[in-house]
Each structure stands twice: as structure tokens, then as C-alpha cells.
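First comes the structure, then the notes that go with it.
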Amino acid sequence: MELLLASALGIVTACAVCLMLRGRTFSVVLGLSLLGYAINLFIFAMGRLTSGKPPVIDQAVSSYADPIPQALVLTAIVIGFGMTGFIVELALRARNDTKSDHVDGEEPGKGSNSESDQVSSAKNKEEQGS
């Protein structure tokens, strides 16, 4: 079971990093969300969850479940949801301002700083100078 959980955490984290390294804002938002899910799973795994045990210490009960990992994950879910909403709003605002979904604000090869534009402007200057 530990191998399965560790493999799942590794795969989800790898997918999150891969999505965050893409050039589109939607992929970055999905990658950040996946990374949050992976962190929540990691917290659950490190909390040694037990089933059938009460989360509150009682005199009659000899063992109990640790409520701290559950509280941390619930808090992380709420914060992650709020941050995802904020990042989506920032991405929509950037898309409206720059008319592009690319994280740099310009599509590769279409901006004023693109390599093809610099090469063509250099050729035009050479032709005018000759």
C-alpha cells in the first residue's frame, strides 16, 4: 500500500510540474491545483490516518485518531480553493489585457521581440545601407 501511495504522489507531482512549465496560463493553473492535491495527499499519508478511532481524547478510549492532519488538510483545501479562484481571475485579466493566453503575454514568434522580427529588421537595415 505504501508503494502505491508513494507512486501516486510521485505521478501527481510530476504531472503538476509538467503542467506548470507549459506556456499557457490555463495549464499553469491546473498544475498549481494538482500540486495542491499532491501536498494534501502527502499530509494525509504522513498523518498516519486510522479508521474506527475517535478523534477526541476520552478517558474510556485507549487510542484515538490524530485530528491535526485532518484539520491541516481541510484548511489547505479552503486556502487552495481561494487561491485557485484568485489565480484564475489574474489569468483572465492578463488575457483581456494582453489578448493572449501565453504566460509571457506574447505568443512565441509573434511579438516585437521575436527572433524572426529582429532578423528581418537587421536585413532591412543592411539593404537600406547598401
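Could you work out the longest stretch of the chain that avoids the trypsin sites (Lys or Arg not before Pro) located in DSSP loops with at most 10 other Cβ atoms within 10 Å? Could you put the intermediate results ahead of the total?
Details: sites that count: Arg48, Lys99.
My reading of the result: 49-98 is the longest stretch.
Return the FRET efficiency for the residue pair Thr98, Arg22: r is the Cβ-Cβ distance, R0 is 22 Å, and the value is rounded to the nearest 0.05. The formula returns an efficiency of 0.85 here.
Selection among His102, Leu32, Ala65 by position relative to the dipole of segment 2-122 gives Ala65 as farthest towards the positive end (Cβ unit charges, Cα centre). Estimated from helices alone, the mean residue ellipticity of the chain at 222 nm is -23500 deg cm²/dmol (sum of -39500 (n - 2.57) over DSSP H runs with n ≥ 4, per residue).
Can you give the Rg to Rh ratio of the chain, both from alpha-carbon atoms, with Rh computed by the Kirkwood formula?
Numbers: Rg = 24.4 Å, Rh = 18.8 Å.
Across the chain, the Cα-based Rg/Rh ratio is 1.30.
With θ taken as phi - 60° and the Karplus curve 6.51 cos²θ - 1.76 cosθ + 1.60 applied, the whole-hertz 3J(HN,Hα) list for segment 27-33 is 5, 5, 5, 5, x, 5, 5 Hz, x standing for glycine and proline.
How long is the gain from Cys15 to Gln128 if the chain were fully straight, where each residue apart is worth 0.36 nm and the alpha carbon distance is subtracted? Please report the intermediate quantities before stating the final value.
Working: separation 113, 0.36 × 113 = 40.68 nm, distance 5.06 nm.
Gain in length upon complete extension: 35.6 nm.
What the Cβ-Cβ distance of Glu107 and Ile79 gives, at R0 = 30 Å and to the nearest 0.05, is a FRET efficiency of 0.35.
Run the numbers on segment 2-122 and let me know its relative contact order in percent, using alpha-carbon pairs under 8 Å that are six or more apart. Before the final figure, lay out each step's value.
Working: 98 pairs, mean separation 26.1, N = 121.
Once divided by the residue count of segment 2-122, the mean separation gives 22 percent.
The calculated FRET efficiency for Leu5 paired with Phe86, based on their beta-carbon distance and R0 = 30 Å, is about 0.50.
Every number here is computed from the coordinates shown, using simple stated rules; none is lab data. The structure displayed is predicted, hence computed values, not measured ones. Reconstructed Cβ throughout: ideal geometry from the backbone, glycine too, with neighbour counts over all protein chains shown.
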